[in-house]
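What follows is a short report on a single structure.
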Amino acid sequence: MNTSQSLFERGMRVLVEGVSSASRGPATFGGAPRYMSHGAGSRLYDVDGREYIDWMMAFGALPLGHGHPRIVEVVSREIARGSHFATALEVEVELAEMLVAMLPHVEKVRFANTGTEACMAAFRLARGHTGRRKIIKFEGHYHGWWDAVLLNTNPMPLAALGHPNDPIRICDSSGIPPEAQADTIVVRWNDVAALERAMALHGREAACVVTEGIMSNMGVIPPQPGYLERMQELCRDYGALFYLDETVTGFRVAPGGCAELYGLTPDLVTYGKALGAGFPMAMIGGRADVMAGLEWGKVLHFGTHNAGRLALHVAKTMLEEMTADQGAGFRRIGDLGRKMAEEVRRVARVSNRHKIVVQGVNSMFQIFFTDLEAVTDYRDFCGHVDRAKFRDFALRLMDKGIYMNPSATLHSLSAVVHTEADIAATGRAMAEVLEEMP
Ligand SMILES: Cc1ncc(COP(=O)(O)O)c(C=O)c1O
């Protein structure tokens, strides 16, 4: 038994599933996960001394990779001056100024710790600002694990989904009272007609329409041309806030996220993951009049750990690094991500043993084992993506020193520290795995 396996045995006695999130444990790995001891640059090292090229990058939280010298330097310096004060801070103002300067649609920000918390506050704010109760969300989109929006976020058999015009509402968790979700409307994504119908039915009662700019919790599914623009227009027509959840895409796909990439002006955004470069850091941002709803006495948002000083310093350092040299960091992760995606396509073509589609946007990509030419929505994913085969693929890659999360619903990400050599080594390992796989 190796050290990971014995840690898993010990962990199973005292931790639920041996870990602290199902996506790190046996539900995803089918058995013992690899317990990691440290990281450096693009590499992760496990407790058994094995080295991995890391394409997961903490679910996208590490645009600068592991142990970046400037992050190590700023954290070492600042921790010596105190971990957390929960007071007003200069660095809080500085980071907010940077964010407002970078994101034209964001006039004010409020910091939180995790994507889930930021989304919860944003939904409450949308309801408070509009005085409306309904939330329009999309099949396959995830906005954290809060009761009201934990609907239709997991892959299901096609037959369970109902008519695309009226998706069957599937609650993703026990313990959620039905009334918590009574005002949540679920709509098929990437389908203008479905959205127009839903808006005609519910638009005037909707506080917001919330969307991921790129569907990132069913692999990587880009929006159809014009789809998000039409969504924004419909929101304006019906007086609902257009809420773009950039938790995954923020400081990833472009300096200004999906809003920049697709030319959108959302009323409300949420950021997390990459913003904290490995520290818990998230934000709600948007138009000043909407954000004013968070003022004391209106819509409540508290948090002992909001705007933690270490996380603020790290986020500021991350943005300085990524925006230096006219945004060279963003160009680099985009180039590397596109090259890696292209390398997977090349390897799959040469092998020609499995039907594979690779979809990506700049630094994000996912590999689908599917009979389709393209995966365009949640229903394509549910009906046509072989998740068991992807897990087999990812686990075999792990044995060859390549780390990707074994869940096909997630995706891989490039960081500034990846290299052309990493791409080539990953391609070689993939070529071997595709030959070995049944
Ligand atoms: C689009 C989106 N929103 C919100 C969240 C929740 O973020 P967190 O895991 O930090 O709570 C996630 C997490 O994956 C996400 O993908």
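The values are calculated or read from the model by the stated rules, or taken from the named source; none is laboratory data. Being a predicted model, the structure only gives us computed values, none of them experimental. When we count neighbours, we look across all protein chains shown, and the Cβ atoms used for this are built from the backbone with ideal geometry, even at glycine.
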Scan the stretch 381-436 residue by residue and report those that are farther than 17 Å from T370 by Cα, in a loop (DSSP other than H, G, I, E, B) and touching a Pro at 6+ places or on another chain (Cβ under 7 Å).
A415, V416
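Would you tally the residues in the stretch 131-150 being surrounded by 24 or more Cβ atoms within 10 Å (Cβ to Cβ) and either away from the ligand (no atom under 13 Å from the Cβ) or not in a loop (DSSP other than H, G, I, E, B) (or both)?
Restricting attention to the stretch 131-150, the residues satisfying the condition of being surrounded by 24 or more Cβ atoms within 10 Å (Cβ to Cβ) are 135-140, 142-143, 149.
From what's left, either away from the ligand (no atom under 13 Å from the Cβ) or not in a loop (DSSP other than H, G, I, E, B) (or both): 135-139, 149.
Adding up the residues that qualify gives 6.
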Find all pairs meeting these conditions: Cβ atoms under 6 angstrom apart; at least six residues apart or on different chains; first residue within the stretch 125-153 and closer than 20 Å to E205 by Cα and of a type in the set (S, T, Y); second residue in a strand (DSSP E or B) and more than 15 Å from the ligand (Cβ to nearest atom).
T130/A207
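Mind listing whichever residues of the stretch 6-20 are in a helix (DSSP H, G or I) and either surrounded by 15 or more Cβ atoms within 10 Å (Cβ to Cβ) or at pLDDT below 95 (or both)? Step through it out loud before you land on a result.
Keep residues of the stretch 6-20 that are in a helix (DSSP H, G or I), which gives 6-14, 16-18.
Scanning the stretch 6-20 gives L7, F8, G11, M12, E17, G18.
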Looking at the stretch 203-222, which of its residues are farther than 11 Å from Q366 by Cα, assigned to a strand (DSSP E or B) and either away from the ligand (no atom under 12 Å from the Cβ) or free of Cβ contacts under 8 Å to residues at least 40 places away in the same chain (or both)?
A206, A207, C208, V209
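Mind counting the residues in the stretch 42-75 that are assigned to a helix (DSSP H, G or I) and either in contact (Cβ under 8 Å) with a residue 12 or more places away in the chain or touching a Pro at 6+ places or on another chain (Cβ under 7 Å) (or both)?
Final tally of qualifying residues: 8.
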Close pairs (8 angstrom Cβ cut-off, 6 or more residues apart or separate chains): free of Cβ contacts under 8 Å to residues at least 60 places away in the same chain in the stretch 226-241, of a type in the set (S, T, Y) anywhere
L228/T211; L228/Y262; E229/Y262; M231/T211; Q232/T265
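State yes or no: is G239 surrounded by fewer than 24 Cβ atoms within 10 Å (Cβ to Cβ) and either more than 11 Å from the ligand (Cβ to nearest atom) or within 18 Å of R124 (Cβ to Cβ) (or both)?
Working: surrounded by fewer than 24 Cβ atoms within 10 Å (Cβ to Cβ): yes; either more than 11 Å from the ligand (Cβ to nearest atom) or within 18 Å of R124 (Cβ to Cβ) (or both): yes.
Yes; evaluated as a whole, the condition is true for this residue.
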Are there strands (runs of 3 or more DSSP E) fully within the stretch 239-304 with at least 3 residues that are in contact with a Cys (Cβ under 8 Å, 6 or more places away or on another chain) and closer than 18 Å to M215 by Cβ? List them.
241-245
R309 - would you say it is more than 14 Å from the ligand (Cβ to nearest atom), charged (D, E, K, R) and crowded, with 19+ Cβ neighbours inside 10 Å?
yes
Could you grab me the full set of residues in the stretch 179-201 that are in a helix (DSSP H, G or I) and either surrounded by 21 or more Cβ atoms within 10 Å (Cβ to Cβ) or in contact (Cβ under 8 Å) with a residue 60 or more places away in the chain (or both)?
L195, A198, M199
